[in-house]
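Engineer: Dropping a structure here in structure tokens format, bear with me for questions.
The values are calculated or read from the model by the stated rules, or taken from the named source; none is laboratory data. It should be emphasised that the depicted structure is a prediction, and the values quoted were computed from it without experimental measurement. Cβ placement follows ideal geometry from the backbone for every residue including glycine, while neighbour counts extend to all protein chains displayed. Accessible surface is based on the protein model in full, side chains and every heavy atom, while ligands, DNA and RNA are left aside. Shrake-Rupley method; radii C 1.70, N 1.55, O 1.52, S 1.80 Å.
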Amino acid sequence: MSDSPEDRWLRPSGDPAAEPRWGHRDGIQIGIPPIPGPRGLLRVFTPYLDHPRERLVNFIAVEPIPLGASERGFSEMERSTLDQGEQGKRFWSSEDAVGAEDASSALAPARGSLETVEEIQTLTVWIGVERFDNGADVRIRVRFFADRPHEVEVAGFANAASVPLSHLILTATMGNWARLRVLHLAERAVTAAELWPGFSGTAFTPHGRFPLADLTRDGEAAIVRASGDEEDPWSVEYAADTAEHWRFLGRRAVQTWRVDDPHPELEARVNARWSYWASASPIPGGPAFENFEVVEPFRQGAAFRFSVDPL
């Protein structure tokens, strides 16, 4: 591949009408609204899985918990105070951390900045997030590395106006589409059927929680992977009322969270659904993971690496 940024990276043009989408031109990409889909979510695109351009593999939601609280804020579910009460907090992009604190500064999608980190070219864009109802006020740094075409790094920061945070959870929140059912730990694999035997209905399961000691280690780094359990996910039978956008296509893949310097209290967590989101349509083969996340006490700028690798 050419070393030219124009060949390597996908970046908005700088025009106000440009698509807000960044990443490896032939690898993993991140987008935000107005790209179609729910508000308050980062879109994760993986065109190398033989997906059409508009097909996304997952979303990443932003879910902060203030110090002393137990309930999360939900970037996808809360109503916007900036956009006439629409569901989902507003996201915007910026070239730098300062612009990510002020929605009024976002006149056009940021192009993203090119830098070199330990001799590797990177593309970085900052995502501003509208203030949460619980007082959390945060921004997200999204960074791609030239030598990691299937990985994106996301890091959360509290703005000066935020209430103190106990956690800032960045959760991959649509595992049902890929029908992720197997969680790969250091010494074993656990399945959705083992964690929630006989579960059905249209709600979420409780979280399955796995401490740092259960996770695969690569030096200091902690790694947890999730994959499907079907050899032929293309041939399943769907209920007649299953929406077209839930039907699997492209190549099978494994989704991974990696934390290079994990907090001692880090946990991997998953929950599951029996039916696809916002429907009563059953997921073929039974419950599958929906939220797939790593959770640790809030540390300003702590980075989490999310990857999607073909099988």
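Engineer: Output the number of residues of the range 36-46 satisfying the condition of being crowded, with 20+ Cβ neighbours inside 10 Å and either touching a residue at least 24 places away in the same chain (Cβ under 8 Å) or in contact with an Asp or Glu (Cβ under 7 Å, 6 or more places away or on another chain) (or both).
Structural biologist: The qualifying residues number 7.
Engineer: Check the range 11-24 and report whether any residue there is under 14 Å from the mean Cα position of the chain (by Cα), farther than 19 Å from Phe144 by Cβ and open to solvent by 10 Å² or more (accessible area, probe 1.4 Å).
Structural biologist: There is no residue in the range 11-24 that is under 14 Å from the mean Cα position of the chain (by Cα), farther than 19 Å from Phe144 by Cβ and open to solvent by 10 Å² or more (accessible area, probe 1.4 Å).
Engineer: Please determine, by comparing only the residues of the range 64-111 that are touching a Ser or Thr at 6+ places or on another chain (Cβ under 6 Å) and surrounded by 16 or more Cβ atoms within 10 Å (Cβ to Cβ), which one is nearest to Ala155 (Cα to Cα).
Structural biologist: This residue is Ala100.
Engineer: Could you pull out the residue among Asp15, Asp26, Asp7 that is outside any strand (DSSP E or B), among the charged types (D, E, K, R) and touching a helix residue (DSSP H, G or I) at 6+ places or on another chain (Cβ under 7 Å)?
Structural biologist: Within the list Asp15, Asp26, Asp7, the selection yields Asp26.
Engineer: Would you confirm whether any residue within the range 36-46 is part of a strand (DSSP E or B), modelled with pLDDT of 95 or more, out of contact with any Cys (no Cβ under 8 Å at 6 or more places or on another chain) and polar (S, T, N, Q)?
Structural biologist: no
Engineer: Among the residues of the range 173-203, which ones are closer than 20 Å to Pro233 by Cβ and aromatic (Phe, Trp, Tyr)?
Structural biologist: Trp177
Engineer: Something else now. State the number of residues belonging to the range 192-206 that are buried (at least 16 other Cβ atoms within 10 Å of the Cβ) and not hydrophobic (A, V, I, L, M, F, W, C).
Structural biologist: Qualifying residue count, the range 192-206: 1.
Engineer: Can you tell me which of (1) in contact (Cβ under 8 Å) with a residue 24 or more places away in the chain; (2) farther than 25 Å from Leu56 by Cα; (3) touching a helix residue (DSSP H, G or I) at 6+ places or on another chain (Cβ under 9 Å) is the one Glu101 doesn't meet?
Structural biologist: Of the numbered conditions (1) in contact (Cβ under 8 Å) with a residue 24 or more places away in the chain; (2) farther than 25 Å from Leu56 by Cα; (3) touching a helix residue (DSSP H, G or I) at 6+ places or on another chain (Cβ under 9 Å), the odd one out for Glu101 is (3).
Engineer: Further, regarding this structure: Give the residues of the range 226-282 that are of a type in the set (A, V, I, L, M, F, W, C) and part of a strand (DSSP E or B), sorted by residue number.
Structural biologist: Once the filter is applied, which keeps residues that are of a type in the set (A, V, I, L, M, F, W, C) and part of a strand (DSSP E or B), the range 226-282 yields Ala226, Ala253, Val254, Trp257, Val259, Ala268, Val270, Ala272.
Engineer: Right, something else. Go through the range 186-228 and give me each residue that's within 21 Å of Arg305 (Cα to Cα), hydrophobic (A, V, I, L, M, F, W, C) and in contact (Cβ under 8 Å) with a residue 40 or more places away in the chain.
Structural biologist: Phe210, Leu212, Leu215, Ala221, Ala222, Val224, Ala226
Engineer: Among the residues of the range 121-149, which ones are over 30 Å from Ala69 (Cβ atoms) and either open to solvent by less than 50 Å² (accessible area, probe 1.4 Å) or part of a helix (DSSP H, G or I) (or both)?
Structural biologist: Gln121, Thr122, Leu123, Thr124, Phe144, Phe145, Ala146 - these are the residues of the range 121-149 that are over 30 Å from Ala69 (Cβ atoms) and either open to solvent by less than 50 Å² (accessible area, probe 1.4 Å) or part of a helix (DSSP H, G or I) (or both).
Engineer: Cβ contacts < 6 Å: first residue under 15 Å from Asn58 (Cβ atoms) and touching a residue at least 60 places away in the same chain (Cβ under 8 Å), restricted to the range 237-252; second residue open to solvent by less than 100 Å² (accessible area, probe 1.4 Å) and of a type outside the set (S, T, N, Q), any location; separation 6+ or different chain. Result?
Structural biologist: Pairs that qualify, where the first residue is under 15 Å from Asn58 (Cβ atoms) and touching a residue at least 60 places away in the same chain (Cβ under 8 Å) and the partner is open to solvent by less than 100 Å² (accessible area, probe 1.4 Å) and of a type outside the set (S, T, N, Q), are Trp246/Tyr276; Phe248/Pro233; Gly250/Leu49; Gly250/His51; Arg251/Leu49; Arg251/Pro310.
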